[in-house]
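Written out below as structure tokens is the structure these notes cover.
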């Protein structure tokens, strides 16, 4: 019912939003002699803010057309090289001719960025991808929106997530480095443990966890406390809703992206209100650079996807309530996951000083449970002055965190899988 009410609200507001846009166009017209008056600027700014907060935000584009390698502009083409109903493996292919002119025949390590499946699209990691592109063959998991997956596509739970990670590492080939950003940490660690135990030839050379809830019992945040204080039945009854008829995934039970977004915004409601007030003032002043920054951030932040019921609830129970992985009780399809079996995969953890999603120590816990990785193959980094988002994006990520990541990958690089040409989705699936 909540999902249907949400969609009905959008429909009711749509005419008012259209009227606000028409009013803005009329008042800003060069034919309007009062367009530069303070009163008209305030009215048009208010219309812009109203349009922004009532808009339906779609999945953003990658908007990565090129990268610079040794001062040479190299074209980039995001290409799906493997697909399932639940994920596209995107390879950011750099033009081979331009790349050779930039750096000769030197091979770059392959990196798999495992994006979080927690409400936002993988494009939230656009800045992360851009940082890695000059020195790496970059792949990323582009997770599907559950409301767009028809019922006949079947279920998708935490076990399927682990399977997808292993399958994509095999698709990329031997010697890749896997980087889990936030939520995927436990699943990626489980995949590495299973592949290690099987002596899989595509075992990653290194794994990095960034702001990940490996052990959510350490330095619990507001979100951790909520998950522990509420009974599991509360999440089943209050967080799960049915996709309306207007979407391909009609009748699928999901954790809606707008519910997750409301939770995130509620944690810092005053800062979001202040940001929109500043947006209004900058619009009236004509401060285009500041308004563009605001639009760019919120166009990404307000674009959300739905999670399947089974994935969300299994994650709540096993990661945030029962803490199965750090307790040595995590099971994948009836098989015990043993992090101590990881011996040949280098380990790096990154945390933010002010992270209010994954508290300090939650990611570092990977070092405790991966007890058989040699000390020489481990590194832990606590980044001062950043929150959760700053762990994987922003100026401090580019200037302080990424250089350490690049060095870690270079030190522990083995053989790089050759860049793969795109495969037909039907063949890949």
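Overview of values
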read-out: Single residue of 369, 379, 357 found to be at pLDDT below 95 and crowded, with 19+ Cβ neighbours inside 10 Å; value: 357
read-out: Number of the exception - residue 108 against (1) at pLDDT 95 or above; (2) touching a helix residue (DSSP H, G or I) at 6+ places or on another chain (Cβ under 7 Å); value: (1)
read-out: Counted residues, the stretch 382-396 - those being surrounded by 21 or more Cβ atoms within 10 Å (Cβ to Cβ) and over 21 Å from the mean Cα position of the chain (by Cα); value: 0
read-out: Residue within the stretch 348-366 that is assigned to a helix (DSSP H, G or I) and either on the phi > 0 side of the Ramachandran plot or free of Cβ contacts under 8 Å to residues at least 40 places away in the same chain (or both) present; value: no
read-out: Strands (runs of 3 or more DSSP E) enclosed by the stretch 98-202 - at least 1 residues per element that are surrounded by fewer than 23 Cβ atoms within 10 Å (Cβ to Cβ), within 13 Å of the chain's Cα centre (by Cα) and in contact (Cβ under 8 Å) with a residue 12 or more places away in the chain; value: 137-143
read-out: Single match in 317, 333 (criterion: modelled with pLDDT of 95 or more and farther than 20 Å from residue 234 by Cβ); value: 333
read-out: Count of residues meeting criterion [free of Cβ contacts under 8 Å to residues at least 60 places away in the same chain and in a loop (DSSP other than H, G, I, E, B)] in the stretch 71-87; value: 1
read-out: Conditions (1) part of a helix (DSSP H, G or I); (2) in contact with a helix residue (DSSP H, G or I) (Cβ under 9 Å, 6 or more places away or on another chain); (3) farther than 22 Å from residue 55 by Cβ; (4) modelled with pLDDT of 90 or more: number failed by residue 233; value: (2)
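The rows are residues; the columns are (1) more than 30 Å from residue 246 (Cα to Cα); (2) at pLDDT 90 or above; (3) out of contact with any helix residue (DSSP H, G or I) (no Cβ under 8 Å at 6 or more places or on another chain).
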residue: 1; (1), (2), (3): no, no, yes
residue: 9; (1), (2), (3): no, no, yes
residue: 25; (1), (2), (3): yes, no, yes
residue: 79; (1), (2), (3): no, yes, yes
residue: 83; (1), (2), (3): no, yes, no
residue: 87; (1), (2), (3): no, yes, no
residue: 92; (1), (2), (3): yes, yes, no
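The values are calculated or read from the model by the stated rules, or taken from the named source; none is laboratory data. Owing to the predicted nature of the structure, the values given are computational and were not obtained by experimental measurement. Counting neighbours? That spans all protein chains shown, and the Cβs are built from the backbone with ideal geometry, glycine included.
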